[in-house]
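Laboratory data are not the source of any read-out in this text; all were calculated from the coordinates shown. None of the values given here were measured: they were computed from a predicted structure. FYI the Cβ positions are ideal-geometry reconstructions off the backbone, even for glycines, and counts take in every protein chain you see.
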Amino acid sequence: MNPLELVRARAGTPFTVRFDGREIEALPGRTVAAVLWSAGVTAWRTTRDGGRPRGVFCGIGVCFDCLVTVDGRPNQRACLVPAEPGADIRTQEGTGHDE
Amino acid sequence: MVVVGAGMVGAACALYAARAGLDVILVDRGPVAGGTTGAGEGNLLVSDKEPGPELHLALLSARLWGELAQELGTAVEYEPKGGLVVASTPDGLTALARLAAGQRAAGVRTVPVDASELRSLEPHLAPGLAGGVLYPQDAQVMPTLAAAHLARASGARLETGRTVTRVLRGADGAVRGVRTDRGDLLAPAVVNAAGTWGGEVAALAGVPLPVLPRRGFVLVTEPLPRRVRHKVYAADYVADVASDSAALQTSPVVEGTAAGPVLIGASRERVGFDRSFSLPVVRALAAGATRLFPFLDDVRVMRTYLGFRPYLPDHLPALGPDPRVPGLFHACGHEGAGIGLATGSGQLIAQALTGGTPELDLTPFRPDRFAEEATA
């Protein structure tokens, strides 16, 4: 069942964000992590040591596992940052900073 | 013997005592590295010590850390990165050079760095600094890992989550062990390595030891590529003899870590065991660090932590046998230098425990020195 129906939510007007260049639909109030999950994306960072994939772990801003680059700023916690219309979200490799 | 306190100093005491042939029980009311050890930066410094007994202890400790690094270096993230002390003004540099000359006479390796060379050592340093001194013997470990690995390497029986409630003494006054919330641990020697809580453990044996907490904050940035190569800190405080007597003192200390984040310290406040967050302190630390490394302006701080340095009134640790209680030894009160001074402290305690002559004179560290001063 659609979770929106489950809680009888009336979502606002959808908008789009970009993830690694492609357009993804987002609902107002969702975090970057929720938007990516809704689009079937579960990993958006690679580890500094070994390049292994990472996505949401704790989901509440504590663990810093879900870091992602948003509008050119690396190390944003996807589980906390609200998705904004037109946001440019990119997979973060390593520290997200130039070596 | 029983070592009370499973922090860095207790772990080092356990290791060197075990290697001297003693059976060791390491007991702590919390976990390994649950106190000040787990709340520091892991500095092994000779650079910030004035010539004197603490510097001798630091030099001994630096040598022992180098030896331990042969077996445990990778596990404890030992990095012989060197320290770079920088002065922002010519006066500050003059004072720093004077300090360095005294340290050099005491056996510290010091390399003067003029203004034009600073940025070849640290490319991201702010322009316009007057110069500095490089201290190749300064190093770093990850303190929690270091305490855990030294405790394990000691082979000591580890009793965490067990609170010492009394130091047991016989009719002759000598130590017989400790009472804990889960039974007695009997031993003819007890080492007080309880750090900031060392005064409480001393009191359990019936003797005063005026260890007090001095709070410090550390800021942790997002992980970065290696941009800060050494431990870098400002020397201004050396010249800043006219510092006001406000409770808060901050001087910027910046260093990269093996894991990526940059650590920013160092603040000092005497506020008891108050664990509340302080925005003014954190702001002062961030501003100071950014003056040294302007790129930090664009770097996010992920979190902060705080700890309580154990300080004694003369800023030297209490180290060695307590003449007031036969069998009681102290190894606490190392203020902000406990990780660095742990190895030397452990070695000296082991030498004292086994009846040998400690390789450093323990007189300046006598645990009863404060009582004597009070009655003098």
For this session: Ratio to report: Rg/Rh of region A:11-93, with Cα atoms as the point set and Rh obtained by the Kirkwood method; give two decimals.
Result: 0.95
For this session: Return one quarter of the surface area of the convex hull spanned by the alpha-carbon atoms of chain B, equal to its mean projected area, in nm².
Result: 18.3 nm²
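Just how many % of Cα pairs in region B:214-370 lie over 29 Å apart, if you round to the nearest whole percent?
On the way: 4011 of 12246 pairs.
Across region B:214-370, Cα pairs with separations above 29 Å total 33 percent.
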Problem set entry | Packing-based exposure ordering (other Cβ within 10 Å, fewest first) of B:Glu222, B:Glu200 | B:Glu200, B:Glu222
Problem set entry | the protein assembly as shown - Cys residues lacking any other Cys C-beta under 4.7 Å | A:Cys66, A:Cys79, B:Cys13, B:Cys332
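Where does the protein assembly as shown land at 222 nm, in deg cm²/dmol rounded to the nearest 500, when only DSSP H runs of n ≥ 4 count, each adding -39500 (n - 2.57), divided by all residues?
Numbers: 12 runs with 126 residues, N = 475.
Result for the protein assembly as shown, helices only: -8000 deg cm²/dmol.
Which whole-number percent is the relative contact order of chain A (Cα, under 8 Å, 6+ apart)?
Working: 193 pairs, mean separation 29.1, N = 99.
Computed over chain A, the figure is 29 percent.
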For this session: Using only Cα positions of region B:303-376, each an equal point scatterer, no hydration layer, compute I(q)/I(0) via Debye at q = 0.25 Å⁻¹ and quote the log10 values to two decimals.
Result: -1.21
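Can you sort A:Leu4, B:Leu121 from fewest to most other Cβ atoms within 10 Å of each residue's own Cβ? The partial results should precede the final answer.
Values: A:Leu4 11, B:Leu121 17.
Going from least to most buried by this count: A:Leu4, B:Leu121.
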Exercise. Any idea what the relative contact order of chain B is, in percent, if you count C-alpha pairs under 8 Å spaced at least 6 apart?
Worked result: 25 percent
For this session: Could you tell me which trypsin sites (Lys or Arg not before Pro) in region A:1-79 are loop residues by DSSP with no more than 15 other beta carbons within 10 angstrom of their beta carbon?
Result: A:Arg8, A:Arg10
Problem set entry | Ranked packing of B:335-343, B:320-328, most packed first, by mean Cβ within 10 Å | B:335-343, B:320-328
For this session: Over 29 Å, how big is the tail of the calculated P(r) for region B:140-299, in percent of all Cα pairs?
Result: 41 percent
For this session: Any chance you could list P(r) for the protein assembly as shown, counting all Cα-Cα pairs in 10 angstrom bins from zero, rounded to whole %?
Result: 4, 18, 26, 22, 16, 9, 4, 1, 0
Exercise. Just going by the charge dipole of chain B, with Lys and Arg at +1 and Asp and Glu at -1 on Cβ, which of B:Leu362, B:Val108, B:Thr36 is farthest out on the positive end?
Worked result: B:Thr36
